[in-house]
Structure formats: structure tokens, C-alpha cells
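What follows is a set of notes on a single structure, which appears directly below.
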């Protein structure tokens, strides 16, 4: 399991010491677009099977993210078509990941929440690496926006696991970062006043 996850983290993401050129940034945008579609499609299947709100909210946000990423690709004069069919991806490895996530999440609602949390952990790590690599302020802002969203979804999935009396331990993020995200997102909850 850990080996598969590490492949996800490094596949498609590179950062040179000299900064990134437009070809590398376009490739990274395409990779990010595919990862957003992967999450969207997985959440769509989970929503149809488990009919729970977290998957509807996450799926809708992923669709918005995909449109924003397509606009960013257009900015660098690349038109990127994304299949509207669930589970169909430009890169075959994404189909493998999709199938694995679906198999894990269709066992139970808890399995689906765990899978959602894992997807968001991977997204956070990948996006943090991409944001650190780019010199383009608009691109960095976009990655940071996606990170914020993934942190929120991670928090929601973990909260739903807690309601089922299941403790989620991070598989990708360092425990300290995971705990920080949980505390920061808790402050965003309605009814929690900031000091």
C-alpha cells in the first residue's frame, strides 16, 4: 500500500533547482487536472452508492477545480479535453488508481470516508510540492486554493469517521501536519469563535 502511495506522490511532479519552464508547468497542470478528475469520479461513485453529503460537496468542488485548471492550461495555450465519462482518464495509471479507490470505498461508508481522506492527503502533498516548485504567482495561488479545499475535505472525511468511532491516522502527511490541519479546519466550523 505504501509503495503505491509513494508512486502517486512522485508521478508527474518534478521540480528543478532552476525553476520550472512552461512545458513542465503545463505537464504538472495536466497531472493536477487528472487527479482532480480522479477524486471527482471516485466521489461520484461513492455518492451514488452511499448517498452521503460529504461526497456531493467534494464532487461539486472537484468539478469547479477542473474548470479552473482547464482555464489555466488555456492560459499557456494548451487546450485540454477531459473525458466526461466516469472512470475514463488520459493516463492509464489513473484508471488503476480509480479501480483501487473504488474497491476500497465500496466495502462500507467507513471505507469510502477512509478512501476520501487518503485521496485528499495525496492531493495536499502533491499540491504543496507543486506550489513550492513554481515561480508563477497565479499558478501558486491556484495550487494554494486547491490545497485549502483538500484540507477542508480531509477534515470532513475524518470527522465522519469519528462519528463512526473510527480514528483516522494519516498515511501520507506527517502526523504533525495532519494534526495542524485538523485544528485549523475545526476553527472554520460554524459556532467556533476565534480568539
Any residue that is more than 14 Å from residue 43 (Cα to Cα), more than 16 Å from the chain's Cα centre (by Cα), crowded, with 19+ Cβ neighbours inside 10 Å and touching a residue at least 24 places away in the same chain (Cβ under 8 Å) - is there at least one of those in the stretch 61-69? no
Residue 126 at pLDDT 95 or above, in contact with a helix residue (DSSP H, G or I) (Cβ under 9 Å, 6 or more places away or on another chain) and surrounded by fewer than 21 Cβ atoms within 10 Å (Cβ to Cβ): no
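The values are calculated or read from the model by the stated rules, or taken from the named source; none is laboratory data. Every value quoted in this text rests on a predicted model; they were computed, and no experiment measured them. Backbone-built Cβ (ideal geometry, glycine too); neighbour counts: all protein chains shown.
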